[in-house]
Structure formats: C-alpha cells, structure tokens
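The values are calculated or read from the model by the stated rules, or taken from the named source; none is laboratory data. A quick note: this is a predicted structure, and the numbers were derived from the prediction, not measured. Please note: Cβ atoms are built from the backbone with ideal geometry, for glycine as well, and neighbour counts cover all protein chains shown.
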Amino acid sequence: MHIVVCIKQVPDSAQIRVHPVTNTIMRQGVPAIVNPYDLYSLEEALRIKDQYGGRVTVLSMGPPQAETALRKAISFGADDAILVTDRAFAGSDTLATSYALASAIRQIEKDIPVDMVFAGKQTIDGDTAQVGPGIAKRLDMLLLTYVSKIRDIDLENKTITVERRAEGGVQVLKTKLPCLVTVLEGTNEMRFATMTNMFRAARHPLKVWDKEKAGIEDVTKIGLKGSPTIVSKVFAPTPKSVRAEIIDTESNQPKDLAVTLLAKLFTKKPDLAKDIAKNAS
Amino acid sequence: MDEKFDAIVVGAGPSGNSAAYLLAKAGLKVLQIERGEYPGSKNVQGAILYSDALERVIPDFREDAPLERHIVEQQMWVLDDESYVGNTYRSAEFNKEPYNRYTIIRAQFDKWFSKKVQDAGALLICETTVSDLLMDGNRVIGIQVDREGGAVYADIVILADGVNSLLAKKAGFHPELDPKDVALAVKEIHFLPQETVQERFNIGEDEGVVIEMVGKITQGMMGTGFLYTNKESITIGVGCMLSDFKKQKTTPYALLEQMKTHPAIKPIIAGGEMKEYTAHLIPEGGYKAIPKICGDGWLMVGDAAMFVNAVHREGSNLAMTSGRLAAETVIALKEAGKEMTAANLALYREKLDDSFLMKDLKKYKNMPEILHSNPQFFTTYPELVNRAAHSMLTVDGVDKKSKEREIRGNFVGKRSLFGLMGDAFKLWRAFE
Amino acid sequence: MSQDTEQRKPARKKVELDPKLAAYKGVWVFVEHERGHVHPVSWELMGEGRKLADKLGVELAGIVMGAPGEETRQFCSEAIRFGADLCYLMEDVILKDYRNEPFTKGLTDLVNTYQPEILLIGATTLGRDLAGSVATTLKTGLTADCTELAIDLENRSLAATRPTFGGSLLCTIVTLNYRPQMATVRPRVMAMASYDDTRTGRTIEHPLGMIEDMIITKVLEYIPDNLQGKPQLAFADIIVSGGRGLKKPENFQLIWDLAKVLGAEVGATRPVVQAGWVEADRQVGQSGKTVRPKLYIAAGISGAIQHRVGMEDSDVIIAINSDPNAPIFDFATYGIVGNAMVILPALTEAFRQHLSTVKLAG
Ligand SMILES: Cc1cc2nc3c(=O)[nH]c(=O)nc-3n(C[C@H](O)[C@H](O)[C@H](O)COP(=O)(O)OP(=O)(O)OC[C@H]3O[C@@H](n4cnc5c(N)ncnc54)[C@H](O)[C@@H]3O)c2cc1C
Ligand SMILES: Cc1cc2nc3c(=O)[nH]c(=O)nc-3n(C[C@H](O)[C@H](O)[C@H](O)COP(=O)(O)OP(=O)(O)OC[C@H]3O[C@@H](n4cnc5c(N)ncnc54)[C@H](O)[C@@H]3O)c2cc1C
Ligand SMILES: Nc1ncnc2c1ncn2[C@@H]1O[C@H](COP(=O)(O)O)[C@@H](O)[C@H]1O
C-alpha cells in the first residue's frame, strides 16, 4: 500500500491581521502551520499504514519554507517527503495547483505505484475544497470526499468501503483503488510523535523538485498563466453605516429597558409577535 | 537506538542559541531541544537587543537579522495619575552605524537565530519538553524528554531553559524561586501603520524610541513600565515584583489595562489593534540570587542562572554572553581532552567573573533590597515631582519663590528631610 | 479561486473573448436534491441567477439530475416556478443517489452540449464535490464558497466575491478567458427566490448515456441523520445567541431560558463552543452556520467579523453588551448597553408577559 498525502503550509489564519489603511494582509510574525484539515488526512493515512502496511509519502507544493510542514509530517510517521517548489508556480489557482500536484504524483508513481491519495477537506487560506477533486480528475482516480470513516480496505480485490458525509445523512460507498480521499474534520486525532520520529524528521533528506523534476510538461498550465480565475479586487468588508439604536430609559432599570425595547421592536415588526407566538406554542 | 551527543542544549532562547551556535560551529555534535512550536513561539521580551553581545557570537548579524528599529531616543518618564515629568535623550550619534541598540520582535528574532544555529550544524528538535535530567550519581549524563523513546545522552547538558528552570529545580541545583526575586511582566503589541508610528514619535524610517516609566502606573509596587517602537507596532508593558502582586492582590493584566488609560499613554497607542498579549517572569534577584551555575556534566546560562540586570533592563545580552562563555568553556575542555567535571567547568565561572556580566551584577547587588524597602520611590516621589512641575508651569500670579517653598514643603511634609537625604544616599550607594 | 490572493495581478480590463467561448450563453443553476428534498440553497441561487440572467439578457435554466419519476420532474417545474425559464432534465436510475462519477459525466456533457456562460452550484458537500470535479474536467475557473455575485458588463463576466484569509478580507474573482464561469455559493447568504406557481417554461431532456456497469463506486447504504433534538439553526426564525461575555457556562442557562420563551434556537460564538458550553452545531459564523432569522438576539457577543458574517443578514438584531463600543453595535438594529446577566432575565420576563397578552387577545 503506497499512500500519497497532499499537505499545504498555510498562515495561521487566527493570527492574520489586515492593514487598516492599505487593506493588505500583514503576514509579519504570523506563524505558518500545516493546514489543520490535512492532519486528519495524514493521520488516517498513517492508520491505514499501521493496519495494512506500506508507505506514506507526503507531498506539498509551496515556497521553500513549506519544508517545515513536510518535516512535521515525517515526525508523525510519514516515510518520505517531496516539496515541489518553483517560481513558475506562483499565482496558481486551484486548477493550476491540481495540475502541478497531479503531475508530481505521476512522478512519484514512477518509483512506486500509488494506491491512494489523500487531500485535506479544504485549506484554511484558499478554503476552496477544490484541489482534492481536481487532482482526482487529473489522475483519473475515483474520488471520495468528506469521508468520516474508512470501514474496510480489501487489499486483494483492491476495494475500499467508506462512510461519506452527505447533506442529510451518511453514504456508505464502496469503490476501487486507486482513489483519492478527503477526510472530514474530527474523524481522528493526530498522534503524538515519538522521539525516534522527531530525530528522523530533523534529519530526513527532503526531496525538493522544481517544475522539471515534478514532470510539468506544459508550463502554460501552471502559475498565473494556467489559472483561469483572476483576483480582480481584495477589500475589507464595508461596515454597515447604520449603528444600532441604543435603548435608553430614564431609570435604565433592566425591566424598563426590556419593555421599551419590546415596544419598539413590535412597532417596527408587527408580524414578529405572531411569529413568536406561533413558535412558542 | 540510544542517541549520544557531545552537547545537549535545553532551550532555544538567546542563551541557548548562542551556546549551541558556537558549539556547532566548533564542530561538536550538538542537540538542541525546545518545547515551543518553534524557537521564539513561547518567548517574551520587550524587546531591546544590545548589539555588542550578539556581535561576539555572530559578527555580521546585521546582514540578515530581523531588526525592527535602531534606537535614537531614550525617554524616562516619572508618572502620577494625570501627568508625567520626563527627560529625553536623542542623539545624532545614535544614527551612526553600526547601531548599538535595536528593537526586535522575539518570535522573529529567535527564529532567525535558530536558523543560524541549524546552519552551523546543530540538530534542533521543537515541540519537545525536557522533563528530567538523566543522572549517574551526581553526574548529569543526558536528558529525558516527554516523548516515547525520549532518553538522549551527552557529555554536557547546558541548561538554557529560562527563568524558573524546572530542570534545575528538579535536579536540586536551584532552590524554588523567591517571589521577591522575580518580576512578572506583561506586554502587548499594538499594531499601527508604520507611518503612524513614525509620526507619533517624530522618527524616520528605521529609527526607534524607548520610553521607560516609573511611578503611579505600578500602584505602589516595585516595577516599571515600558514602551518601544517597532516597525509597524508599539510594544507596551509593565512589570512588577511577584511578591508585590501577591501583596497588592492585583493582576498584571489589570495593571496594564489601567496604565493604557493614562492620559499620556492613551493617545500614543490610540487606534492600534492589539496583536498579542503575553506574560513572562523576569529573574530580578540580581547578584545575590545567582544559584550554582555548573556541576558534573552540566552548565547553566541566561535567565536560568538569573543573569538579568534589572536596573538597566538588560537580559538578552547577559543571556547571549553567558551562552557564549559556556560554549567557549566546553570547547576549551574538549580541545584539551578534559572531562566535563565540576572542577574543570569552573573555568566558566572564571570567564563570567572576568566579564561585564558579573561585574555589573555585583555593582547593583543591593539595589533590589533598597527598592523593596522604600516604596516611596514608586508612589510618593512621582506624585510630588509631577505636582512640583505642575505648580511651576502654571502661571497663576503666585511668585516662583513661594512656589519653590511650597514644593519643598510638600517633599518634606511627605517625608522628613532626613528621610529624603537617606533615600538619595541609598540610591547613590546602590548605583555605586 | 486563487491559492494565494496576494500574488495575483489585478484583472486586465476588456478582454476579447474567443469566438468559440462567446457562443456560451445563459445562466445555469444546479438543482441539488437528496432523498426527495431540494436543498434550499438551490432556490436561493435561482433568485440570484435570475438577476444575473436579466442583467445579461439571457435565459436562466435549472439543471435537474435524478432517477426517472414524478419527483424528479416535479423539481423541474419547481425550478421554473422559482424563476427559471427552462430546465435541463437528465433522468437515469444511475442518478438515484449522488455519486461523483455519473454526476460529473452528466453535468459535463450538459455543459458541453448546451454551453452556458455561468454555472452556479450550492457550496454543500455535494456541490463542492461536483463543482470541483466538473470544473477540472472542463478546465475552467471555479470560485468557491461565494457570498456575492455580480455581472461586470464590460467583460460580460461574473464577478464572484468571497471571504478570504479567515474572513478578514473579501476578494472578487473573475474568470475572463474560460467558459463557463463557475461558482459555488454558500447556503443562506442569498435570499430565497419567490415562488410563482403560474410560471411555465420548457424542459429539455438529455440522456446520461451510461450503464451501471461503467460505474465503479457503489452506494451500499444511506444512513439518514437523526435530526431529533439536533439544532436546526440554519432555518430557525428566531435565534438567541450567547458569547464569551456570559463569563460562565452556568450563565448560559439565561440564553436557554429566553430561547424557551421565544421558541427559538440557541446559537453561540466560537469561543463558547470551544469552551464546551454548547455543542458545535450551534456555532454561528464563518466556520459555523450562516443564519438569517427574523430575529437574532446576541448577548455578550463582541461582533467579531467571523461571527458577523454568519448572522448580519438577520432581519432584526438585538445586541446586549456591557461595552458601548463593542463592534456589534455597529450593525445591530437595537442595542442595550448593560450586563447580560441582568438584562437577559428582564428581557425573558418582558417577552413572557407580552406573549401572554398576545395569547389572551387571541
Ligand atoms: C517583558 C520582558 C521584557 C524584557 N525586555 C528586555 C529587553 O528589552 N532587553 C533585554 O535584553 N532583555 C529583556 N528581557 C529579558 C530577556 O527576555 C531574557 O533575559 C532572555 O530572554 C533570556 O534568555 P534565555 O535564553 O536565558 O531564556 P528564554 O529566552 O526564556 O529561553 C528559554 C527557552 O527554553 C525553552 N524551555 C524552557 N524549559 C524547557 C524545557 N524543559 N524543555 C525544552 N525547552 C524548554 C523555552 O521555551 C524558551 O524557548 C525582558 C523580559 C521580559 C519578560
Ligand atoms: C478563521 C477563524 C474563524 C472563526 N470563525 C468563527 C465563527 O464561525 N463564529 C464565531 O463566533 N467566531 C469565529 N471566530 C472567532 C472570532 O474571531 C471571535 O473571536 C469570536 O466571535 C468572539 O466571540 P465572543 O463575541 O463570544 O467573545 P469576545 O470577543 O470575547 O466578546 C465578549 C463580549 O462580551 C461583552 N461582555 C463582557 N461582559 C459582559 C456582560 N456582563 N454583559 C454583556 N456583555 C458582556 C464584552 O464587552 C465583549 O464585547 C473565528 C476566528 C477565526 C480566526
Ligand atoms: N499547494 C498545495 N500543496 C499540497 N497540497 C495542496 C496544496 N493546495 C491544496 N492542497 C491539498 O488540497 C486540499 C484542498 O485545498 P483547497 O482546495 O485549497 O481548499 C488541501 O487540504 C491539501 O490537501
């Protein structure tokens, strides 16, 4: 069983600030983390390796600093790591990104065939949930998104049975390997790395691939050129101009405030009283 | 598989990084363990960087270190509730390269420093806490970390794990910290656009200002406030002795909140967006609080060894200096083929005694006690000084001579003339 | 959607569209349904699609894919009543349950055959799975999770706006040289289209052209969610939400008390959910639910942007906060500056009394 897990290094969006004047993102001092959703995929892949044997290769496309994310994956137990990095990839949208990653996976496959690819449900910076499906289509792999449980893998017949989150319930799906899986958050909990793996991660010779090594044949399909979508504008949400009417009474006793508020509310929205009455009954 | 190194450095702050860098550069097999997610993630500092100490470790640090602003102006404020009396020193000298002091943001600075350490060949492992020292009798032979398979061995373990070193305490090298020997400091970084920072302080692109504050902001506790300019943010903080916080039953957070509303401080940070809030201990016991700093198979550097000069707000430079001297000691012993015994490691103490580090700490060795037993330095005097200034600067038909008389009267009224002179003498003695 | 919004150059203005692409006409809305129910986001999109189509002067079409039968056809006529001019219908037993392979092939075929210029899909688990696959197969641009759609008439292009970087910024994305222009849209951010049961329109049927043997993935089972007792925030008319300002989990009971009187759902901010005071299903905001109730009562909530985006479209917002400068007062309808712990019980009591008088009055 050879599993490739796609992970992305992202800025910790909880710590991102917007410059109040220029509306640009201030990345200064914002730590980069492994996209949290990718950790569920990685852990699931590692569990499959634990149970069925095999190898886990992690793959990331990004700037040289993304090395940290890959090392982290190794500390959790991934066997090998590949960083695809090249200026030519700058500005790639999801279509271009999935092209590049799919191409890299084909290169990986030249050494050892790939049985499964894992991607995160979505990233916290791009937030699109498109790269996973994109890679699957480009590799002509079967696609299982929002998987909440892997029920069974039949190595002999190369089949997999999973539970997949749908809008109103859970689908139990059975399909064939190779396939691409994206994992739902909360499916598992990432393990705590052993000291041996920490040492391995710190020393692991990372594979760094430029666009040639990643097997990119058509440079018009990567970077800005290969990206159909164009960001035309980035802006801060405009604040609503009307401020709240602050309820104020002479006494400012809670009871008076509440009664005054209700009077205003039901004058403005007479129907609301009926809605409430209906709901409350 | 047991891992064995020439040296293990616990902690990736300025002291640990200095030691690990020099050891690795000298060709030793070095392992550095840091409990934070990355070096700097857990570290708190004002932060002023003093060039000299770093230069002696990395001479060309200015080429790529993340420095915010070099300091061109130092202000000292004495505050009461409404006002402050201050002095300012700004000099064109400070604008000549090489600059002597910089503001830095520790998270970035520590990351940079750590990269240097790793490039020099040390192996760094983060998110890992050293939970114990491995002993063979009295000799430290390695460390135990909080992970499966976590025993690692080394000829020497350098404890650079900062103030309140749990390891040192566990191993009995270090008594429990005395609350009167540690300050608790809190600090916030407020984001403001670069242009705003420059306008508010009347400074150029890379120039910075330091404001040190004493007075009513610490509500009678022994401590100081500070405000530094970074590239696009302002750092503001306050620190007081832990023992005082306990006595006063107030929290550092409340103190800082109160301080931010001071009429002189509020407009400086107005409109800023708070980026981070951190709290950290500072060992301020001075010379008399320094514990045992080396033994068989171990050395202690930086805050762990209480190397902080509270009067001048110096810490990171002492950390880097002690880290460097520790490394030099270990390298010298290695080269001479000597063992890392307590007797041989005494060389470290000699080197420290020879340096500005111990000399300065000795000079101020009485300072903490004097300030402790004379709270008027933080309450009465600031108030009187401010009142005096107010009186002199208010034009109200009262002649200046009468005003002077009244001011003197105020001082003597609050504290006898004898007391005043005594205070002055005590301060002078401490600085001597 | 760009992976790195910062690096992208701004759009060049005025692009000559390849004549082959210029042939792409019309706005499509994918009608998502599962287990006999159309997902409301489809009708929200129908309302939005109508505006876009009118602006472009083209037709609006609903896309219905499903098992042959009355139900599927019913969705076609509903699509028209919700505003579509026509409906493309693809019926096949294979399409009974959603599966990526046949749906991707079916929708891709429809697009290639009938060539719409815009294709809108709900940003649901189904929608995102399908949209990502179809866009890659068609090699066109897809903007995910949009909150606003507009037409840039100069280029006849779709300007799709979405939150980026954790919701602190918005970005507008266009797809100039590719057709169709695809977008997935977040449920509950757009108003539902109005229903007009007199509307009629054409239905164009198109075969899937697959047999079950061609499809590798099989649905073994479908386990519907047990909704009993599960919060149904997204469609609640009234929501009472609490934030960190309530200080202690015990105080959250005040929220439940008011909700009970109002027959309302209970919502919360992320810190409250993270602290475990209420279940995760109750989180309102960017990483929680988007809601648009008739009445939203926010107590002890600061109104951070990530919370705001999830609830600001509520009809009436009442905010209770002790800090007169709390951002929530910037967009609430009514505000009470005060301690939630005393205001909430007073409000509960006032509503209780009001309701009893309403009841008495019949
Ligand atoms: C608010 C404030 C303002 C200050 N301002 C200044 C200033 O302006 N200028 C100045 O020079 N100094 C200043 N100082 C002092 C200065 O920050 C310290 O003296 C300096 O950081 C000490 O360096 P260190 O390497 O000894 O310890 P630290 O920087 O504290 O580093 C110790 C490291 O060890 C790690 N660690 C701890 N325990 C373990 C363990 N068990 N296992 C693994 N890792 C561990 C920690 O995570 C940390 O990274 C200030 C301090 C504070 C709190
Ligand atoms: C990527 C990302 C996604 C996020 N997603 C979400 C999301 O989906 N939903 C969400 O809610 N948040 C989300 N957040 C978090 C969000 O940024 C805010 O931190 C959060 O909404 C704040 O919650 P709060 O208003 O409960 O708490 P606070 O911001 O702490 O506000 C508490 C408020 O209570 C007031 N208060 C205090 N005491 C009282 C009292 N006695 N009576 C009345 N008022 C009082 C205070 O004045 C204050 O305004 C997200 C953040 C990030 C970075
Ligand atoms: N640059 C990248 N390198 C590796 N994997 C990526 C990259 N971008 C996206 N992915 C994968 O695709 C998933 C979905 O990303 P997104 O479509 O951006 O939400 C992520 O969780 C990753 O697993």
Suppose the filter is more than 16 Å from ligand 3 (Cβ to nearest atom), modelled with pLDDT of 95 or more and facing chain A (nearest Cβ under 9 Å); does residue C:320 pass it? no
- request: Return yes or no: is residue A:184 away from ligand 1 (no atom under 16 Å from the Cβ), touching a residue at least 24 places away in the same chain (Cβ under 8 Å) and buried (at least 24 other Cβ atoms within 10 Å of the Cβ)?
  value: no
Within region A:207-227, of all residues that are in contact with a helix residue (DSSP H, G or I) (Cβ under 6 Å, 6 or more places away or on another chain) and part of a loop (DSSP other than H, G, I, E, B), the one nearest to the other protein chains (Cβ to nearest Cβ) is A:227
Would you check if there is a residue in region C:97-118 being touching a residue at least 40 places away in the same chain (Cβ under 8 Å), basic (Lys, Arg) and within 16 Å of ligand 3 (Cβ to nearest atom)? no
Residue set C:328, C:336; condition within 12 Å of ligand 2 (Cβ to nearest atom), under 17 Å from residue C:246 (Cβ atoms) and at the interface with chain A (Cβ under 7 Å from one of its Cβ atoms); output residue C:336
If we scan region A:98-112, do we find a residue that is buried (at least 20 other Cβ atoms within 10 Å of the Cβ), at pLDDT 95 or above, within 8 Å of chain C (Cβ to nearest Cβ) and more than 16 Å from ligand 1 (Cβ to nearest atom)? yes
Note on residue C:282: of the conditions (1) under 19 Å from residue C:342 (Cβ atoms); (2) within 12 Å of ligand 2 (Cβ to nearest atom), unmet is (1)
In region C:40-56, anything more than 21 Å from residue C:157 (Cβ to Cβ) and surrounded by fewer than 20 Cβ atoms within 10 Å (Cβ to Cβ) is listed as C:40
Of the listed residues (C:172, C:136, C:140, C:164), the one being of a type in the set (Val, Ile, Thr), without any contact (Cβ under 8 Å) to a residue 12 or more places away in the chain, buried (at least 19 other Cβ atoms within 10 Å of the Cβ) and within 8 Å of chain A (Cβ to nearest Cβ) is C:136
Sole miss for residue A:123 among (1) within 11 Å of another protein chain (Cβ to nearest Cβ); (2) surrounded by fewer than 20 Cβ atoms within 10 Å (Cβ to Cβ); (3) of a type in the set (S, T, N, Q) is condition (2)
For region C:271-287, the count of residues that are small (Gly, Ala, Ser) and either within 16 Å of ligand 1 (Cβ to nearest atom) or in contact with a Gly (Cβ under 6 Å, 6 or more places away or on another chain) (or both) equals 1
By residue number, the members of region B:220-232 that are more than 15 Å from ligand 1 (Cβ to nearest atom) and either without any contact (Cβ under 8 Å) to a residue 60 or more places away in the chain or part of a strand (DSSP E or B) (or both) are B:232
Filtering strands (runs of 3 or more DSSP E) wholly in region B:1-78 for at least 1 residues that are polar (S, T, N, Q) and either assigned by TED's automatic domain parsing to the domain that holds residue B:321 or within 21 Å of residue B:330 (Cβ to Cβ) (or both) gives B:30-33
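Results for (1) within 16 Å of ligand 2 (Cβ to nearest atom); (2) within 12 Å of chain A (Cβ to nearest Cβ), shown as yes or no for each residue.
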site: C:201; (1), (2): no, no
site: C:208; (1), (2): no, no
site: C:214; (1), (2): no, no
site: C:224; (1), (2): no, yes
site: C:233; (1), (2): yes, no
site: C:237; (1), (2): no, yes
site: C:241; (1), (2): yes, no
Among the residues of region C:269-287, is any touching a strand residue (DSSP E or B) at 6+ places or on another chain (Cβ under 7 Å), farther than 23 Å from residue A:264 by Cβ, outside any strand (DSSP E or B) and modelled with pLDDT under 90?
yes
*Is there a residue being at the interface with chain C (Cβ under 8 Å from one of its Cβ atoms) and of a type in the set (Val, Ile, Thr) anywhere in region A:74-92?*
no
**OP:** Return a yes/no flag: does region A:246-259 have any residue that is at the interface with chain C (Cβ under 8 Å from one of its Cβ atoms), in contact with an Asp or Glu (Cβ under 8 Å, 6 or more places away or on another chain) and outside any helix (DSSP H, G or I).
**Re:** no
Taking region B:246-259 and keeping residues crowded, with 19+ Cβ neighbours inside 10 Å and in contact (Cβ under 8 Å) with a residue 60 or more places away in the chain leaves B:252, B:255, B:256
The residue from B:302, B:239 that alone is outside the structural domain of residue B:217 (by TED's automatic domain parsing) and within 13 Å of ligand 1 (Cβ to nearest atom) is B:302
By residue number, the members of region A:126-146 that are within 7 Å of another protein chain (Cβ to nearest Cβ), among the hydrophobic types (A, V, I, L, M, F, W, C) and in contact with a Pro (Cβ under 8 Å, 6 or more places away or on another chain) are A:142, A:143
If we keep only residues of region A:28-65 that are more than 14 Å from chain B (Cβ to nearest Cβ) and farther than 22 Å from residue A:115 by Cα, then the residue nearest to ligand 2 (Cβ to nearest atom) is A:35
Filtering region C:18-61 for residues that are in a loop (DSSP other than H, G, I, E, B) and either among the charged types (D, E, K, R) or not assigned by TED's automatic domain parsing to the domain that holds residue C:157 (or both) leaves a count of 5
Here the residues within region B:126-171 that are within 14 Å of chain A (Cβ to nearest Cβ) and not in a strand (DSSP E or B) are B:126, B:127, B:128, B:129, B:146, B:147, B:148, B:149, B:150
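Table: residues versus (1) under 30 Å from residue A:89 (Cβ atoms); (2) modelled with pLDDT under 95; (3) more than 11 Å from chain A (Cβ to nearest Cβ).
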position	(1), (2), (3)
C:4	yes, yes, no
C:11	yes, yes, no
C:22	no, yes, yes
C:40	no, yes, no
C:43	no, no, yes
C:62	no, no, yes
C:66	no, no, yes
C:77	no, no, yes
C:108	yes, no, no
